[in-house]
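Visitor: Can you keep this structure in mind? I'll have questions shortly.
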Amino acid sequence: MVGLLGWEGPVSKLRVIDSHTAGEPTRVVVSGGPDLGDGPLARRLGRLKAHHDDFRRSVILEPRGSDALVGALLCAPTDPGCAAAVIFFNNVGYLNMCGHGAIGVAVTLAYLGRVEAGELRLETPVGDVAVTLRTPNEATIENVPSYRFRSSVAVDVEGVGTVRGDVAWGGNWFFLVDATSIAGLSSISLEAEPDLTETSKRIKAALAREGVTGRDGAEVDHIELFGPPVAPDADGRNFVLCPGAAYDRSPCGTGSSAKVACLAADGKLRPGEDWVQESVIGSRFVAGYRRGPNGEIIPRITGEAFVCGDNTLIRNPQDPFRNGIG
Ligand code: PYC
């Protein structure tokens, strides 16, 4: 029997809304996901990880998804003042926060008629994110406080040599490297994507080998190569390798947050100033920051998202690939 039986039923049906933010896809699971109970979102994330990882795989991996896709499970917020709580996940696990995804969620909530233009808040496992929905397709997020943790860290990268970069937190951990300092990297462009991906993977391996971590030993699982912009009115261009080895088609919201934290630490960007960040595909976010009450850097990221699918995913117990491929 095929019916709306929920995640635990014989055949599960999930309602998902697909969107892309500056080219990077987000799949919001609106209904049909596993029952995670109640309590703090971090605890519900723990239950999702421990008991329902097949849900993540089924939504993200082929044949229903792709390596570039980020999933966003909508949950009831613990704080009724938040429009929704959201757990982000990808092809290899779970993300603390996701900037492009938060913009995608806000635009999706507007598409569903659940929010109107104006201010709203999203609960994430690492804190609340304030969102200003400017139009049905444009939003600004105010991210979690971001900071540079270590500057100019040298690592020995196989086949590349010594590479220096900054370790910074923008809601995820990043290692930011000036791509122009790496011999042989021609440009930050789609044509150079195979080289950018390979170099980033090697940098990530070097960080792990040499024990370079974020605070409290956290894995640095995003690599951000940056360089000069292509558009005359932009300030910089980046390439971001995500934990599952897919590259971010957008300029990466948490990566742009880590970037403004580094610019602020270097005295190169003042509070309230804009930093126009291009992605490897030429899409853009406008980033900036304000100082919080204790001087912390509160990044803001503005970008556009478009809903591009309103679908039902079907997971049939007889389907050998119901939990994805791989
Ligand atoms: O926009 O923060 C982001 C993000 C993280 C991974 C992919 N996109």
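Visitor: Magnitude of the Cβ-charge dipole of region 64-187, K/R +1 and D/E -1, about the Cα centre, nearest 20 debye?
Guide: Its charge dipole is roughly 80 debye.
Visitor: Which one, V107, V28, V157, has the greatest fluctuation when you compute a Gaussian network model over the chain with C-alpha springs under 10 angstrom?
Guide: Of V107, V28, V157, the most mobile in the Gaussian network model is V157.
Visitor: Something else now. Counting helices only, and only those DSSP H runs with n ≥ 4, report the 222 nm mean residue ellipticity of the chain as the sum of -39,500 (n - 2.57) divided by its residues, in deg cm²/dmol to the nearest 500.
Guide: After summing the helix terms and dividing by the residues of the chain, the value is -6000 deg cm²/dmol.
Visitor: Does region 71-117 come out rounded, prolate or oblate, given a ≥ b ≥ c as the square roots of the eigenvalues of its C-alpha gyration tensor, rounded meaning a/c under 1.5 and, failing that, prolate meaning a/b above b/c?
Guide: Oblate.
Visitor: Ratio of Rg to Rh for region 73-219, alpha carbon only, Kirkwood?
Guide: Dividing the radius of gyration by the Kirkwood radius yields 1.05.
Visitor: While we're on this one: Quick one: which of 162-171, 214-223 comes out on top by average Cβ neighbours within 10 Å, and what's the full order, highest first?
Guide: Highest mean packing first, the order is 162-171, 214-223.
Visitor: Which links in K49/K204; K49/K201; K13/K201 stretch past 32 Å when you go from one Cα to the other?
Guide: Too far apart for the 32 Å limit: K13/K201.
Visitor: If you wrap a convex hull around the C-alpha atoms of the chain and split its volume per residue, what is the figure in Å³?
Guide: Dividing the Cα hull volume of the chain by its residue count gives 136 Å³.
Visitor: Same structure, new question: Would you mind ranking C75, C98 so that the residue whose beta carbon has the fewest other beta carbons within 10 Å leads the list?
Guide: In order of increasing Cβ crowding within 10 Å: C75, C98.
Visitor: Going toward the positive end of the dipole of the chain, with +1 on Lys and Arg Cβ and -1 on Asp and Glu Cβ, which of A192, F321, N143 do you reach last?
Guide: About the Cα centre, the residue reaching furthest to the positive side is F321.
Visitor: Rank by packing, highest mean first: peptides 37-44, 55-62, with packing defined as the count of other Cβ atoms within 10 Å averaged across residues.
Guide: Per-residue Cβ counts within 10 Å, averaged per peptide and sorted highest first, yield 55-62, 37-44.
Visitor: Between beta-carbons, use under 13 Å as the cut-off and find the net charge around R291, counting Lys and Arg +1, Asp and Glu -1.
Guide: 0
Visitor: A further question on this structure: Run the dipole for region 173-326 about the Cα centre, Lys and Arg Cβ at +1, Asp and Glu Cβ at -1, nothing else charged, and hand back the magnitude in debye, nearest 20.
Guide: 320
Visitor: Most mobile of G253, G244, G303 per a Gaussian network model of the chain (Cα springs, under 10 Å)?
Guide: Comparing G253, G244, G303 in a Gaussian network model of the chain, the most mobile one is G244.
Visitor: What is region 1-160 by shape, rounded, prolate or oblate, if you read a ≥ b ≥ c off the alpha carbon gyration tensor as root eigenvalues and call it rounded for a/c under 1.5, prolate for a/b larger than b/c, and oblate otherwise?
Guide: Cα axes put region 1-160 in the oblate bin.
Visitor: Among G32, S257, T312, whose Cα sits farthest toward the positive end of the charge dipole of the chain (+1 at Cβ of Lys/Arg, -1 at Cβ of Asp/Glu, about the Cα centre)?
Guide: G32
Visitor: Once fully extended, how much extra length lies between K201 and A265, figured as 0.36 nm per residue of separation less the alpha-carbon to alpha-carbon distance?
Guide: Answer, rounded to one decimal: 20.4 nm.
Visitor: Within 12 Å, Cβ to Cβ, of E273, how many net charges do the neighbouring residues add up to if Lys/Arg are +1 and Asp/Glu are -1?
Guide: Taking every Cβ under 12 Å from that of E273, the sum is +2.
Visitor: Ok, one more. When the dipole is taken about the Cα centre of the chain, and only Lys, Arg (+1) and Asp, Glu (-1) are charged at their Cβ, what size is it in debye, to the nearest 20?
Guide: Rounded to the nearest 20 debye, it is 520 debye.
Visitor: Pull up the DSSP beta bridges for the chain and report the antiparallel fraction as a percent, rounded to 5.
Guide: In the chain, approximately 85 percent of DSSP beta bridges are antiparallel ones.
Visitor: How high is the relative contact order of region 112-196? Use alpha-carbon pairs under 8 Å, at least six apart in sequence, and give a whole percent.
Guide: Reported relative contact order: 16 percent.
Visitor: For region 27-111, just say rounded, prolate or oblate: build the C-alpha gyration tensor, square-root its eigenvalues into a ≥ b ≥ c, call rounded for a/c under 1.5, and beyond that prolate if a/b exceeds b/c, oblate if not.
Guide: oblate
Quick note: the coordinates plus some simple rules give every number you see, no bench work behind them. What you see is a predicted model; the values in this text were computed from it and never measured. Using ideal geometry, Cβ is built from the backbone for each residue, glycine included, and neighbour counts are taken over all protein chains shown.
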